1. Once you place label points 7 Å from the Cα toward the Cβ at Ser81 and Glu67, how far apart are they in nm?
2. Provide the packing ranking of 75-84, 47-56, i.e. peptides ordered by the mean count of other C-beta atoms within 10 Å per residue, highest first.
3. When DSSP beta bridges are limited to those with both residues in the chain, what percentage is antiparallel, rounded to the nearest 5?
4. Amide H neighbours of Gly114 under 5 Å, at least 5 residues apart or on other chains, H built in the peptide plane: list them.
5. Could you tell me which residue out of Trp96, Val23, Ser118 lies farthest along the dipole of the range 7-124 toward its positive end? Charges go on the beta carbon: Lys and Arg +1, Asp and Glu -1, centred on the Cα centre.
6. Between (1) 1.40; (2) 0.92; (3) 1.45, which matches Rg/Rh (Cα atoms, Kirkwood Rh) calculated for the structure shown?
7. Size of the dipole of the chain about the Cα centre, Lys and Arg at +1 and Asp and Glu at -1 on the beta carbon, nothing else charged, in debye to 20?
8. For the range 55-66, in order, what is each residue's ³J(HN,Hα) by Karplus, 6.51 cos²θ - 1.76 cosθ + 1.60 with θ = phi - 60°, in whole Hz (x at glycine and Pro)?
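No value in this document is a laboratory result; all are computed from the given coordinates. All values derive from a computational prediction rather than experimental measurement. Virtual Cβ from ideal backbone geometry, glycine too; neighbours counted across all protein chains shown.
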Amino acid sequence: MRPWPEAPGVLRTIARGRPIGVVTNCSTTLGEQAAALVPVDFATIATAERAGAYKPGPAPYRLALRELGLPADRVLFVAGSPFDLPGAAAVGMDVWWHDRAGMRAPEGAPEPVGRAGSLDPLLDVPGLRVP
């Protein structure tokens, strides 16, 4: 496992001004191992194992929101999978899609607020970059 090349820098920049977390269908052990590859202090690593359910069901997303201590309307979820579009949106989060593979969204999925093949454009989202 290796993070995408731009991930450490982008996430470090965003984490300077706000808590960030991970929501994953991995086990807790694997989720923590993967998160440790990025030099960022994650406020939560919400795994399917800890939530007792898999994404795109609501439990993992809700676990992350609880642990971040934020309401859904104050969180931007960065989706790495098209199936996170309906999952994260269903609990009230805006979703920005990191569509590195050029995938097709599931039928009826809500439109993401942004979409790119790299994480770099996240730094242009108003409020995410801290000077």
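1. So the two model labels end up 1.7 nm from each other.
2. On the way: 75-84: 20.0, 47-56: 18.5.
The packing order, highest mean first, is 75-84, 47-56.
3. Working: 0 of 11 bridges.
Around 0 percent antiparallel, to the nearest 5.
4. Amide H neighbours of Gly114, under 5 Å, 5+ apart: Trp97.
5. Positive-end residue among those listed: Val23.
6. The value computed from this structure is option (2).
7. Details: 13 positive and 13 negative charges, 40 e Å.
Dipole of the chain, to the nearest 20 debye: 200 debye.
8. Once θ is set to phi - 60°, the couplings for the range 55-66 become 5, x, x, x, 4, x, 5, 5, 4, 4, 4, 4 Hz.
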